[in-house]
Structure formats: structure tokens, C-alpha cells
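Written below as C-alpha cells is the structure these notes are about.
The values are calculated or read from the model by the stated rules, or taken from the named source; none is laboratory data. From a predicted model like this one, the values you see are computed outputs, not experimental measurements. Neighbour counts are summed over all protein chains in view; Cβ atoms, including those assigned to glycine, are modelled from backbone coordinates with ideal geometry.
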Amino acid sequence: MQRRRGPADQYGTSTVRPPDFDHFWAEVMAQASEIPLCPSLEHVPMRSTEQIDVYEIGYDSLDGLRIAGWYCVPKESYIPPPYPGLLIVPGYISEPTLPKSWARLGYAAVGVAPRGKLRSNRHFNPGYPGLLVHNIVDRHTYAYRGFYIDACRAVDFLLSRPEVDHRRIGVHGSSQGGALTVVTAALRAGVIACGAAGAPFLCGFLDAIELTHSYPYEEISEYLRRHPEREPLVRETLMYFDVINFAPMVRCPMLVYIGLADDVCPPETGYALYHVLSCPKELLAYPRCAHDAGSYWAMPKVKAFLAEHLEPAGVPG
């Protein structure tokens, strides 16, 4: 970790919102909306329990990619429908979660596998490291253009399910999942009812690479050491994907939690994100906690926050 530039909660990033940011993403979302979802659902008895049904799911997204995921839903004999929907989004190197624990609490929960993740990597697999710098000089083909949309399309999957209450859909994740939580809440602002974002990644990209030498951000540093002449193009591209620039679009309540000793996603950038959120919001900042973002203390509060806004009928635990 490099030397800090003063108090973390007063750090100002160099992120600039492009004048055509909203237009760019409106066009991408319009393009995605023209693609039939073609959702599929296959029951997995071996992973199911007396209380929970587990399904392998799939749906179509940008560039003709088929996106996979898990869908866990309470059995009607355990908790009757309708259920609030909950999208669980993955970290950078982690694989999609099997969200059975959330289904036991009464949620219809999707663990999505955006492009490049297991079962979604047949036609796109830049690797880890690799995803963060894939086509990083072109906003129209940068990896996260499709990655962000894959998460939004998982919301469409939840909307396609008759057992899901469309008024009660939330999103939760940490690290890259924290970034996807904010982006999904921004791009699906009329649908997402709340979001909980831990240790948010992809905030102030080019500031973060000065604050830490840890991966994944180090992928960008390595790329720029090899191609220093491309720095202006890299900066221009990343401004369209910086989560700080999505934050003003979020309208639902948001819970953000960070670790003040995080050397992967610097807390300075977490504070910067929180400051530009204009929705109802809450910040949890844990001293002496690293990239886990104080999960031991935060997760009970995350569960309570989601339950407050989504009102699952499950039993606590």
C-alpha cells in the first residue's frame, strides 16, 4: 500500500463523468433490451434440500453470449410465495455463489455468473488476471460493458419468475460484487428496491492504482507500464465504467461497508463513492479490517438492511 494522501474520508478522486455518459449507457441498455432473454431453468435434485429447490439457469445477453447462474428458491411447503428477489453478484476472482442460505431466509435468490465466469466462459474467457484490461482502450468493446449488462439481465430473469414479487428485488455483493451492486441499482433504477455493497471495486480506477499495488488493480499498472502511450485512451474508457459515475443514478436505499485497512479496494475510493450517492444511504467503516470489509460485524447488518426493505417471510438465521 502506498502512502495515503491525508484522511481517507476526505480523498478526492480524479474521476470525471463524461458528458455523454447517460446517453452511452442508455444506448447499451436499449441494445440489450432488444435481445430475447430466453431464460432456462433446470432443477438440480442433488443440490436441493427439503426446504430449498436449486436450479441451474441460463439467459442470453450482449454479443450473443449465454450467461449461467444458480437460482435458489424456497419450496412452497417451507415458505409460500410470493418471494422477494435477491441478486447475489460475484467478486473478481471468485465464482458465483450458490445462494441457498438466502433462500432459507425467504428470498428467491440468483447467484449470477457474468461472462468469463465458470459456465459462462465458453465464448469469452480473458482470464484472471485479464478481465480488467480486456479491450481497455475502447469503451464499446471493453470487457465490463458486457459484464455489467450480464448482471442487469439477471434482474430480468427474476422479473420473468411468477413466484417473485417484482416490487421487492434487491442486490448484494462485495468487492467486484460491490461494484456490480451499485451499477445494477443504477441501470435498473426503476426495479431495484435496495442494495448492499461491500468493499466496492471499480471506483476511481486510476486513483486506486496509485493507492495500492495489489491485484486486480495492478493489472492496469502493468498494462500502462507496457503501453504508457495509451494512458489517455485508458483513462477515457474507464470513465464510462467507473462506479462513482453510476452512483448519481441510484435512487433506492444503499448500504455501503468498507474496511479501513483494505489494500485491494482502497477505502478512499469507497468513501468517494459514498459521498456521491444521492439516494438514502448508510456507511459502515471498520478500522483494522482489510478486504473482508468487516464482514463479521457487517453481515448481520446487511441481512437486517435487506430484510427491512425486501420483507422476506423466512425465519431468522
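Structure notes:
- Sole residue being touching an Asp or Glu at 6+ places or on another chain (Cβ under 7 Å), surrounded by 24 or more Cβ atoms within 10 Å (Cβ to Cβ), in contact (Cβ under 8 Å) with a residue 60 or more places away in the chain and at negative phi, chosen from Gly177, Gly259: Gly259
- Within this structure, Arg122 passes the test of being surrounded by fewer than 19 Cβ atoms within 10 Å (Cβ to Cβ), among the charged types (D, E, K, R), on the phi < 0 side of the Ramachandran plot and in a loop (DSSP other than H, G, I, E, B).
- Residue list for the stretch 52-97, restricted to those being assigned to a strand (DSSP E or B) and of a type in the set (Gly, Ala, Ser): Gly58, Ala68, Gly69, Gly85
- Checked against the criterion of being surrounded by fewer than 24 Cβ atoms within 10 Å (Cβ to Cβ), in contact with a helix residue (DSSP H, G or I) (Cβ under 8 Å, 6 or more places away or on another chain) and in a helix (DSSP H, G or I), the stretch 189-206 contains one or more residues that satisfy it.
Results for (1) more than 18 Å from the chain's Cα centre (by Cα); (2) among the charged types (D, E, K, R), shown as yes or no for each residue.
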| position | (1), (2) |
| --- | --- |
| Gly116 | no, no |
| Arg122 | yes, yes |
| Asn135 | yes, no |
| Ser160 | yes, no |
| Gly173 | no, no |
| Gly177 | no, no |
| Val182 | no, no |
| Ile192 | no, no |
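- Checked against (1) more than 30 Å from Lys75 (Cα to Cα); (2) out of contact with any strand residue (DSSP E or B) (no Cβ under 8 Å at 6 or more places or on another chain); (3) surrounded by fewer than 21 Cβ atoms within 10 Å (Cβ to Cβ), Asp242 meets all criteria but (3).
- Residue match in the stretch 90-111 (condition: among the hydrophobic types (A, V, I, L, M, F, W, C), surrounded by fewer than 20 Cβ atoms within 10 Å (Cβ to Cβ) and touching a residue at least 24 places away in the same chain (Cβ under 8 Å)): yes
- Boolean, Pro19 is closer than 25 Å to Leu202 by Cα, within 21 Å of the chain's Cα centre (by Cα) and not in a helix (DSSP H, G or I): no
- Among all positions in the stretch 236-243, there is no residue which is β-branched (Val, Ile, Thr), in a loop (DSSP other than H, G, I, E, B) and touching a residue at least 12 places away in the same chain (Cβ under 8 Å).
- Residue match in the stretch 269-280 (condition: among the hydroxyl-bearing types (Ser, Thr, Tyr), assigned to a helix (DSSP H, G or I) and free of Cβ contacts under 8 Å to residues at least 12 places away in the same chain): no
- Residue among Ser174, Ser160 that alone is over 26 Å from His291 (Cα atoms) and modelled with pLDDT of 95 or more: Ser160
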